[in-house]
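Undergrad: One structure coming up, written as structure tokens, with questions to follow.
The values are calculated or read from the model by the stated rules, or taken from the named source; none is laboratory data. Every value quoted in this text rests on a predicted model; they were computed, and no experiment measured them. Here Cβ is always computed from backbone atoms with ideal geometry, including for glycine, and neighbour counts include all displayed protein chains.
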Amino acid sequence: MVDTIYHSLSLTHSNLQFLYITLYFGGTIRKNMELYIFLEKMRVKRFFKKLLKEEHPPFEKAATEDDLLKKKQIDSSLADTMELFKKIYYVPNNSDVNIRYIEIGGIKKNAAVITISSISNTKLIEELVIRPLLINEDESKEIELLLSPQVRKADVIEDILVEINNGNTTLFVDGEPYAYIISSGNFQGRSVEKAENEVVVKGPKESFNEQAMTNISLIRKRIRDEKLIVESTTISKRAKNELYLVYIKDIANEELITNIKNKLNSLDIDSIQNLSVLEEYLEDHIYSLFPTILYTERPDRASEFIEDGFIVLLMDNSPDSLILPATFWSFFHNSEDHYLRFLFGNFIRILRLMALFITLFISAIYIAITNYHVEMIPADLLLAISSTREIVPFPSLVEILMLEIAFELIREGGLRVPKPIGPTIGIVGALILGQAAVQANLVSPLVVIIVALGGLSSFAIGDTNLNYTVRLLRFPFLISAGVFGLFGLTALFTICLLYVTSIKSFGVPYLAPMTPNDSTAKDTIFRRLVKNELFRPGYLKPKDIEKKAGE
Amino acid sequence: MKTRLGLFHFLFLIFILPMLSGCWDQVSIDKRAYVVALGLDKGEDNKISITYLIANPEFSKQEGPSSEPAHEVITFPANDIISAKNTANAVIAKEITYNMLNVLIVSEDLAKDPEFIRYMYDVTKDREIKRNIPMIVTKEKVKTFLLKNKPKLETRIHKYFEFVLENSNKAGLTPNFKLHSYFSITESDAGLFLAPYATTEQIPGGKYTVGEDELLAGELKIEGEESNNSQFLGSAVFKEGKMIGTMNGEETRLTIVLNETLEMGEIYATYPDPFSPQYRFSARIMKREKNDVKINLNGYTPTIDVTVPLYMDILSIHSMETFDNGKIEQLKFHIEEEVQKKLSKLIKRTQEEFKGEAFGWSLIARKKFWTSHDFEKFDWMKTYPNMKVNVSVNVYIGTFGEQSKLPDLNQVRD
């Protein structure tokens, strides 16, 4: 670790060019530079040595000892085993770890049950594990037969710990060098609720919740296919977060799956709490404004993508799924497009496209036209704008930037406001921005209309990621329009288009299937009739391209 | 490291980009003075006298008109219309712009000057002036015209010019030629350009005519409570970029009927009643089909045969006659004859007086030549006065108004 940080620090010496210049006037350039770098290296080295010594007691060493212990098998002596587990779990300091000693009836053997009560079903343990053991009178019966649920055996300490941590019950019997494990995990969480961010009027309302098993169940409910694979891998070293890859074996492209798996296996992190965090680890273009992984909370949407050959990632603690690869269109589309009737679905697609362009361009076009291309405005509007702008003290670019920023502030404030006082924000915001600002001659009325229209249109873009993309892109467009007029606007738009066509998400071009043109799936701006959607998207290279809708 | 350095370079380039081009062209919308009408008068020596009519944006405010006037008129001598922009700033606070220029007004005096075309070509040099604006010729000086022209209802002056020209064009009383046609017609050197003719000077007592449109601007008697006294009626005729005469309302209408490049709306006109000559009936005239123009250039005297199809609804009939089939036929012949006579008279006038045609026939004739050089050699303008032009009119009588039957007057009076 020291090495990597040290390495990265030495890389930044290009930043020292400033120093280089100052030293230039000092005379001996090279020698001074080298000396400086040498001193800097030494300083950093010393700093890290000190840091490791002081802040971190030799915890890595302890961990290795611990690891060695965990690799061992358990003892047949119950007392020893219990002593060991008490030590591992810091009982009695650890209050919800329960150890219960019982004597098994009939066989007359001492036994102990370890559970973590907060994550296991205590009633089930009581009725199906402890009670049958206590009331048994048969001397010859084996323990597995005494218990009604299915029982597994484990003897390595590490494995047993995993089971306990997952809420399962472990039964240790005196004289037996293994533990019986009964599934009893019961993590607390939400039930399946309505989707809150991707709202539809027509169509299913269910959304994912924080339990991966529930989410998988929601997907399996929609795809009753034995080829639907739910593969699980552990992606973090310490928290042992499980990730589930969901795909259909005979559709999804093998290369894509291995590509994703390789990426997952190369992760070297202590903990990844949820998919939102994982998204950043997986993305190719972290600094890009354009998202390359689709994030959805709707199981119907996820299943739709799985059936098309995409790969869905699920995780505990994430009320959503990641879909990869993602194209621009997957962000632009909405599940309701297909639920609504053909014409209505396409109508909302047009609306969304309009909203996209209005959000991106309306304020920029206003700036460009009023500053450079006045002849484009009808005479009446021109005079109206001119008369209202006359008393505004700022240039129109400043005026519109002010209002845009105010709108973003209100939006962010409104989002974080506690629910009970939420409604007031809307009223205050509208009042302050609209009426008062105009009356105070801070902004002209037309600018309020333009910013409000742009702001409201941005809500029509449902996807959170694309929404942010568009909202952020507005500002460069605004400035380019302010500096170069419509010319700047078109130039920047061209650059954006060039960039968008250049990026890829897991090997898939961002604008596919529009460019490069793909004759298989034509679901881009407009959707086709469902019966005409005969093929899966060809850009994914699925194993089975035909949807067999025609037969 | 390399990519990061590249990024820095790229960002650096982006930041210096504005310095290369920059926003020097930028003028805020509220820092300009918008000239709505630009007037040209004859000035002293070689100079022209320029009149600006500048709109006051203050007047477009929602809170209602303030105490400021709706517009301002200034006149000053200048060399040309482009340098005049700067000269005007001696008086006008804001930067003068022609972006909103709605109309170009020229006095008859200047338009008839052979030097006039020199000043007109300034228009093609300024990029702010749109060429789809109309050019008006005024009888008096433009300065007087703009000062006296005080529309009572359309105080927002740019709207006034837009509406008054739109509707007089629709009625056929003024031609719908734009500034662009002035240049194209002048440069093709084959036809006449017509500009709307306007004035604020009324002939005392007006002029009496039998019909309703045989008038030129200023000849119509308008009375009312201090009504606006500017009239837009008839057209000024330009040949080779110079004004050579005028056409009254009727002639302008007939020109529109003959000229396919001018759009014809619904025209209401009156004709003498063939059955009781003391009355005139009115008709709504429309053109549903195109004129049939046949040009024969082969003979010694080139001939042009024009057939004008007209659709007419007969509206007010003061003789209270109800027409049966036989009478309709008679009526049709009567109108055809009447219109044909008028058209022939007009064509004769263009051949003899103006020595050029304003009917767009040269465009049709062009197709008869292999090269444009051939056409130029033919010299349409010179040949036209000697051509034989035959006009025939084809009238289709449509309806007789909403209620076609009229009561028998004798029975009513009984």
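Undergrad: Name the one entry in B:Lys221, B:Lys178 that is among the basic types (Lys, Arg) and within 24 Å of A:Leu382 (Cβ to Cβ).
TA: Sole residue among the options that is among the basic types (Lys, Arg) and within 24 Å of A:Leu382 (Cβ to Cβ): B:Lys178.
Undergrad: Still on this structure, I have one more. Checking the conditions here, which among B:Asn176, B:Asn228, B:Asn248 is more than 19 Å from the chain's Cα centre (by Cα), of a type in the set (S, T, N, Q) and not assigned by TED's automatic domain parsing to the domain that holds B:Arg366?
TA: Step by step, each of B:Asn176, B:Asn228, B:Asn248 is checked, and only B:Asn228 is more than 19 Å from the chain's Cα centre (by Cα), of a type in the set (S, T, N, Q) and not assigned by TED's automatic domain parsing to the domain that holds B:Arg366.
Undergrad: Just to be sure, is B:Thr155 within 14 Å of chain A (Cβ to nearest Cβ), of a type in the set (Val, Ile, Thr) and either touching a helix residue (DSSP H, G or I) at 6+ places or on another chain (Cβ under 9 Å) or in a loop (DSSP other than H, G, I, E, B) (or both)?
TA: yes
Undergrad: Got a sec? Which of A:Asp300, A:Asp337, A:Asp380, A:Asp316 is at the interface with another protein chain (Cβ under 10 Å from one of its Cβ atoms) and acidic (Asp, Glu)?
TA: Result of the check over A:Asp300, A:Asp337, A:Asp380, A:Asp316: A:Asp380.
Undergrad: Among the residues of region A:359-377 satisfying the criterion of being more than 18 Å from A:Pro445 (Cα to Cα) and surrounded by fewer than 20 Cβ atoms within 10 Å (Cβ to Cβ), which is farthest from the other protein chains (Cβ to nearest Cβ)?
TA: It comes out as A:Phe361.
Undergrad: Those residues that are within 18 Å of the chain's Cα centre (by Cα), aliphatic (A, V, I, L, M), within 14 Å of another protein chain (Cβ to nearest Cβ) and not in a strand (DSSP E or B), I need them from region B:100-118; list them, please.
TA: Listed by number, the list holds a single entry, B:Leu101.
Undergrad: Any idea which residue in region B:119-145 is surrounded by the most Cβ atoms within 10 Å (Cβ to Cβ), counting only those that are outside any helix (DSSP H, G or I) and over 20 Å from the mean Cα position of the chain (by Cα)?
TA: B:Asp122
Undergrad: Which of the residues spanning region B:287-341 are within 33 Å of the chain's Cα centre (by Cα) and either acidic (Asp, Glu) or outside the structural domain of B:Thr270 (by TED's automatic domain parsing) (or both)?
TA: B:Glu289, B:Asp292, B:Asp305, B:Asp313, B:Glu336, B:Glu337, B:Glu338
Undergrad: Could you tell me whether any residue of region A:298-305 is within 16 Å of the chain's Cα centre (by Cα) and assigned to a loop (DSSP other than H, G, I, E, B)?
TA: Yes, there is a match, as at least one residue in region A:298-305 is within 16 Å of the chain's Cα centre (by Cα) and assigned to a loop (DSSP other than H, G, I, E, B).
Undergrad: Name the residue that is farthest from the other protein chains (Cβ to nearest Cβ), counting only residues in region B:25-36 that are of a type in the set (A, V, I, L, M, F, W, C) and in contact (Cβ under 8 Å) with a residue 40 or more places away in the chain.
TA: Restricting to residues being of a type in the set (A, V, I, L, M, F, W, C) and in contact (Cβ under 8 Å) with a residue 40 or more places away in the chain, the top hit is B:Val35.
Undergrad: Cβ-Cβ below 9 Å, separation at least six or inter-chain, first residue in region A:384-400 and part of a loop (DSSP other than H, G, I, E, B), second among the β-branched types (Val, Ile, Thr) and crowded, with 22+ Cβ neighbours inside 10 Å: which pairs?
TA: Going by the 9 Å Cβ cut-off, the qualifying pairs are A:Val392/A:Val443; A:Val392/A:Val447; A:Phe394/A:Val443.
Undergrad: With the condition being within 19 Å of the chain's Cα centre (by Cα), I'd like the strands (runs of 3 or more DSSP E) fully within region A:164-236 carrying at least 3 qualifying residues.
TA: Of the strands (runs of 3 or more DSSP E) lying wholly inside region A:164-236, those with at least 3 residues that are within 19 Å of the chain's Cα centre (by Cα) span A:228-234.
Undergrad: Quick check on my filter: what residues within region B:106-154 are over 23 Å from B:Asn56 (Cα atoms) and hydrophobic (A, V, I, L, M, F, W, C)?
TA: Within region B:106-154, B:Leu110, B:Ala111, B:Phe116, B:Ile117, B:Met120, B:Val123, B:Val137 meet the criteria.
Undergrad: Six or more apart or on different chains, Cβ atoms under 9 Å: show the pairs whose first residue is in region B:111-137 and in contact (Cβ under 8 Å) with a residue 12 or more places away in the chain and whose second is surrounded by fewer than 13 Cβ atoms within 10 Å (Cβ to Cβ) and in a loop (DSSP other than H, G, I, E, B).
TA: Close Cβ pairs satisfying both conditions: B:Glu115/B:Asn46; B:Arg131/B:Thr124.
Undergrad: So which residues in region B:37-56 are buried (at least 24 other Cβ atoms within 10 Å of the Cβ) and within 14 Å of chain A (Cβ to nearest Cβ)?
TA: The answer is B:Ala37, B:Leu53, B:Ala55.
Undergrad: Of the residues B:Pro69, B:Pro65, which is surrounded by fewer than 20 Cβ atoms within 10 Å (Cβ to Cβ), closer than 21 Å to B:Thr97 by Cβ and either at pLDDT below 85 or within 12 Å of chain A (Cβ to nearest Cβ) (or both)?
TA: Exactly one residue qualifies, and that residue is B:Pro69.
Undergrad: For B:Phe281, work out the one condition from (1) touching a residue at least 40 places away in the same chain (Cβ under 8 Å); (2) out of contact with any His (no Cβ under 6 Å at 6 or more places or on another chain) it doesn't fulfil.
TA: Tallying (1) touching a residue at least 40 places away in the same chain (Cβ under 8 Å); (2) out of contact with any His (no Cβ under 6 Å at 6 or more places or on another chain), B:Phe281 fails exactly one: (1).
Undergrad: Report, by residue number, each residue of region A:401-410 that is more than 13 Å from A:Ala437 (Cα to Cα) and either without any contact (Cβ under 8 Å) to a residue 24 or more places away in the chain or touching a Gly at 6+ places or on another chain (Cβ under 7 Å) (or both).
TA: Result: A:Ile405, A:Leu409, A:Ile410.
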